[in-house]
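K.L.:
I'd like to ask some things about the structure below.
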Amino acid sequence: MPKSRPYQPLIFRLLHALHGGLVLASVVTGFWMYNTWDHRLAKLPLPEADTNLLSIHYRIGEVLTPLVVIFLIYSLVAGRRRLIQTKSIKHLANPTKPAGQYALHRLVNIGLLGMLILSMVSSRQFGGAKALIQGEWDNTWYNLHVFAWASIVVLVLAHVLLGLKVGGVPLIQSMIDRRVRPQDSPVKWPQRFKNWTQSITNR
């Protein structure tokens, strides 16, 4: 029997789509910059980037930063079931079983949020475009930024593959579903936000 398609809240679908698109754009532009000026570990036969790409990458980061903060707050409050739970940590010892795969998927989600935060913090600590072009690659913050970028690539792949493993095609379809339940309407978001705020203050 085929799996039924789960329903994802509209606000989660929108945040996830915006978040995912900007992360992908940041990863691509970041690698192109690395491939042009750094490429200590590997270099692909791509056209050389110019300094305009540095500005584009920076602007993507500027837009992504507040979105990551919003997505983080949403994940910790309304979407906390998608993150690793204390009671599910024990299941990580059995990654071949469904419970272990769900736990691993949630752990990957936390890892992604953590690496995104590290990438944002580290990008503001080193010299940016000037440091990259002048070859100041021994900067600790720059290397942390590259580490965060590489980790995001691996974790995004793991996120997608584990998503297919635990939810199959229906889970992927649910992320682009156009259905909106009445209780999920944008007009009710202010009240839901108020409820989330109250749930935080009452803890």
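The values are calculated or read from the model by the stated rules, or taken from the named source; none is laboratory data. Keep in mind that what you see is a predicted model, and the values were worked out from it rather than measured. As a convention, Cβ positions derive from the backbone with ideal geometry for all residues, glycine included, and neighbour counts pool all protein chains shown. Surface areas here come from the heavy atoms of the whole protein model, side chains and all, with no ligands, DNA or RNA. Shrake-Rupley method; radii C 1.70, N 1.55, O 1.52, S 1.80 Å.
K.L.:
Any idea what the relative contact order of the stretch 1-66 is, in percent, if you count C-alpha pairs under 8 Å spaced at least 6 apart?
P.N.:
Relative contact order comes out at 35 percent.
K.L.:
From Cα pairs below 8 angstrom and at least 6 apart in sequence, can you work out the relative contact order of the chain, rounded to a whole percent?
P.N.:
26 percent
K.L.:
Determine how large the accessible area of Arg124 is when every protein chain is in place; take a 1.4 Å probe and give Å² rounded to the nearest 10.
P.N.:
The accessible area of Arg124 comes to roughly 120 Å².
K.L.:
First measure r as the distance between the Cβ atoms of Asn139 and Gln85, then evaluate 1/(1 + (r/R0)^6) with R0 = 45 Å and state the FRET efficiency to the nearest 0.05.
P.N.:
0.75
K.L.:
Based on DSSP H runs of at least 4 residues, each adding -39500 (n - 2.57), what is the mean residue ellipticity at 222 nm of the chain after dividing by all its residues, to the nearest 500 deg cm²/dmol?
P.N.:
-22500 deg cm²/dmol
K.L.:
Next up: Rg (Å, one decimal) plus Dmax (Å, integer) for the alpha carbons of the stretch 22-102?
P.N.:
18.7, 49
K.L.:
Remind me, what semi-axes does the chain give for its equivalent ellipsoid, largest first in whole Å, using sqrt of 5 times each Cα gyration tensor eigenvalue?
P.N.:
The equivalent ellipsoid of the chain has semi-axes of 33, 21, 17 Å.
K.L.:
For the pair Arg192 and Asn52, how long in nm is the line joining their label points, each one 7 Å along Cα→Cβ?
P.N.:
Result for the modelled spin labels: 4.0 nm.
K.L.:
Related question: Between Lys43 and Ala99, what is 0.36 nm times their sequence separation minus the Cα-Cα distance? Round to one decimal in nm.
P.N.:
Details: separation 56, 0.36 × 56 = 20.16 nm, distance 3.96 nm.
That pair, Lys43 and Ala99, stretches by 16.2 nm at full extension.
K.L.:
Rank by packing, highest mean first: peptides 174-185, 17-28, 143-154, with packing defined as the count of other Cβ atoms within 10 Å averaged across residues.
P.N.:
For the peptides 174-185, 17-28, 143-154, the packing ranking is 143-154, 17-28, 174-185.
K.L.:
May I ask for log10 I(q)/I(0) of the stretch 1-44 at q = 0.16, 0.23, 0.31 Å⁻¹, from a Debye sum over the Cα atoms as equal point scatterers with solvent left out?
P.N.:
Per q value, in the given order, log10 I(q)/I(0) is -0.61, -0.79, -0.98.
K.L.:
Going 7 Å from the Cα of Val63 along its beta-carbon direction, which residues of the stretch 1-45 have the amide nitrogen within less than 19 Å of the resulting point?
P.N.:
Of the residues in the stretch 1-45, 12-33 have backbone N under 19 Å from the label point off Val63.
K.L.:
From the protein chains alone at 1.4 Å, what is the descending order of accessible area for Tyr58, Tyr74, largest first?
P.N.:
Tyr58, Tyr74
K.L.:
What percentages, rounded to whole numbers, describe P(r) for the stretch 76-161 computed over all alpha carbon pairs with 5 Å bin width beginning at zero?
P.N.:
Values per bin, smallest distances first: 3, 15, 19, 17, 15, 11, 8, 7, 5, 1.
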